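Here's the structure, in C-alpha cells; my notes come after.
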Amino acid sequence: MVSAMRAHLPGSDLFVVHEEVREALDAGVGVVALESTILAHGLPHPDNIEIGARIEGAVRAGGSVPATIAVLDGVVHVGLGGPEVERVCTDPAIAKLSVRDVGVAAALGLSGATTVASTSALAHRAGIRVFATGGLGGVHRGASQTFDVSADLGVIASTPVLVVCAGVKSILDVAGTLETLETLSVPVLGYRTDAFPGFYLSDSGQPVPWRVESAADAARVVVMRERLGTDAAGVVLANPLPVDRQVERGLHDRLVEEGLALLEREGVHGKDVTPRLLEYFHDSSGGESLRANVELVLSNARLAGEVAAEVAALVS
Ligand code: PSU
Ligand code: MN
C-alpha cells in the first residue's frame, strides 16, 4: 500500500510527495533524493529491484530518509513505495526524462525515470538539498563535433542541490567535464581524496579543486553557500571507490575502447548513448561493471544520507 499525500507546492496536483518524505522535511530530518534512471536504464532487470531497495537502505543507514523520484502517469512522485519502484524497474515503456522532458510527460500523462538533471530540479522544488547517484553525465568525447554535453551539467549549474557521485565515466571527456563545471561555477569537492574519481576507477587522472574529510564538512559547505547567497549552483561531492574495489585497469580500458567503437558501429546518439554503454559493460565484463556500479551507488547513498543529516541539523 503506497501512502502519499499532496505536497504544498505550486501545481501541487502534479506533485505527490510521499508521506514519509513530507514528514521528514517538516520535522527537519535529512532527506536524500535518488534518481530513477539508474534503476530503469542503468542497471539490469531484475537485479535493479533489489538494488533499488538497497540504495534506499543505504540512505537510511546514513541517517536520512530516501526520496526516489519518478514521473508516473503524468504525476511527479517524490518518494516511491515498493510497487512504484518495481514498476520503474520493470515497465519497458518507462522513458528517460531529463528536465526538458518532464513537462511533456506530465502533459501527456506518460511515465518516465528521472536523470541527474531532472531529479536535481524536482528535488529542489520539493525542498530537498542532497541527492545521491552513481555517475554524473558530462562532456562526451568528441563533443566539439557532436555537441553531446549532458544536460546534467547545465542543470547543476542552476540548481542548489549537492550531488554525491563517483565522478564521471572515462567514456566521457573527464577533463572537459571538469572544465565545464568550473565555467558553470559548480564547486567540486573530493571526499577524502585529491583525485576526481572515474566511476569504475578510483582516480580519473584529474585533480579535484577541493577536498573535504567528513560529511559534516560537506554539509557546512552547503549551508555556508546558502548563507552567503552564492548558492545559485549545486555542489558536486565526488566519492571514489576504494582502490581495492575499482575495476581492474586492463578490463576497464578494454570496455571503454569496445564501448566507444560499438556506439560508432550502431550509430547510437542522444539520450540512448549512456544506457547503451552501460548495457554493453554489464553484458561483457563478467559481472565486474555491475559489481562496481552497485558498490559505488551504495557508498554514495550512505554518504549522502550522512551529509543530509548534517545539513538538517545545521539548518533546523
Ligand atoms: N552515468 C552513469 N550511470 C547512469 C547515468 C549516468 O554512470 O545511469 C544516467 C544518469 O541518470 C545521468 C544520465 O543523469 O545517465 C545522463 O544521461 P545523458 O548523458 O544522456 O545526459
Ligand atoms: Mn547526451
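The values are calculated or read from the model by the stated rules, or taken from the named source; none is laboratory data. Values in this document were obtained by computation on a predicted structure and should not be read as measured data. As a convention, Cβ positions derive from the backbone with ideal geometry for all residues, glycine included, and neighbour counts pool all protein chains shown.
Hey, any hits in the stretch 128-141 for a residue that's within 16 Å of ligand 2 (Cβ to nearest atom), more than 23 Å from Gly198 (Cβ to Cβ), polar (S, T, N, Q) and buried (at least 24 other Cβ atoms within 10 Å of the Cβ)? Taking every residue of the stretch 128-141 in turn, none turns out to be within 16 Å of ligand 2 (Cβ to nearest atom), more than 23 Å from Gly198 (Cβ to Cβ), polar (S, T, N, Q) and buried (at least 24 other Cβ atoms within 10 Å of the Cβ).
Just one residue in the set Ser158, Ser111, Ser150 is among the hydroxyl-bearing types (Ser, Thr, Tyr), within 17 Å of the chain's Cα centre (by Cα), modelled with pLDDT of 95 or more and away from ligand 1 (no atom under 11 Å from the Cβ); that residue is Ser158.
Please verify whether the stretch 103-121 includes one or more residues that are farther than 23 Å from Leu14 by Cβ, in contact with an Asp or Glu (Cβ under 8 Å, 6 or more places away or on another chain), within 16 Å of ligand 2 (Cβ to nearest atom) and among the β-branched types (Val, Ile, Thr). No: zero hits. In the set Pro275, Pro197, Pro240, only one residue is touching a Ser or Thr at 6+ places or on another chain (Cβ under 9 Å), under 27 Å from Phe147 (Cα atoms) and either within 16 Å of ligand 2 (Cβ to nearest atom) or in a loop (DSSP other than H, G, I, E, B) (or both); that residue is Pro275.
Residues that are in a loop (DSSP other than H, G, I, E, B) and in contact with a helix residue (DSSP H, G or I) (Cβ under 9 Å, 6 or more places away or on another chain) were ranked within the stretch 286-316; the one that is modelled with the highest pLDDT is Gly286. In the stretch 130-159, the residues that are on the phi > 0 side of the Ramachandran plot form Cβ pairs under 9 Å with partners that are part of a loop (DSSP other than H, G, I, E, B), at six or more places apart or across chains, as follows: Gly142/Asp148; Gly142/Asp173. Looking at the stretch 161-184 only, could you name the residues that are within 10 Å of ligand 1 (Cβ to nearest atom) and charged (D, E, K, R)? Lys169, the sole residue that qualifies. Total residues in the stretch 229-264 satisfying the condition of being closer than 18 Å to Leu189 by Cα and not small (Gly, Ala, Ser): the figure is 9.
Comparison of Ile94, Ile69, Ile49, Ile38 shows that the only residue that is touching a Cys at 6+ places or on another chain (Cβ under 8 Å), in contact (Cβ under 8 Å) with a residue 12 or more places away in the chain and not polar (S, T, N, Q) is Ile49.
Looking across the stretch 161-171 at every residue that is within 16 Å of ligand 2 (Cβ to nearest atom) and within 16 Å of the chain's Cα centre (by Cα), the one that is nearest to Pro209 (Cα to Cα) is identified as Val168. The residues of the stretch 15-34 that are of a type outside the set (Gly, Ala, Ser), within 19 Å of the chain's Cα centre (by Cα) and farther than 18 Å from Val75 by Cβ, listed by number, are Val31, Val32.
Scan the stretch 247-260 and tell me whether some residue there is touching a residue at least 60 places away in the same chain (Cβ under 8 Å) and either hydroxyl-bearing (Ser, Thr, Tyr) or closer than 17 Å to Ile38 by Cβ (or both). No, every residue in the stretch 247-260 fails to be touching a residue at least 60 places away in the same chain (Cβ under 8 Å) and either hydroxyl-bearing (Ser, Thr, Tyr) or closer than 17 Å to Ile38 by Cβ (or both).
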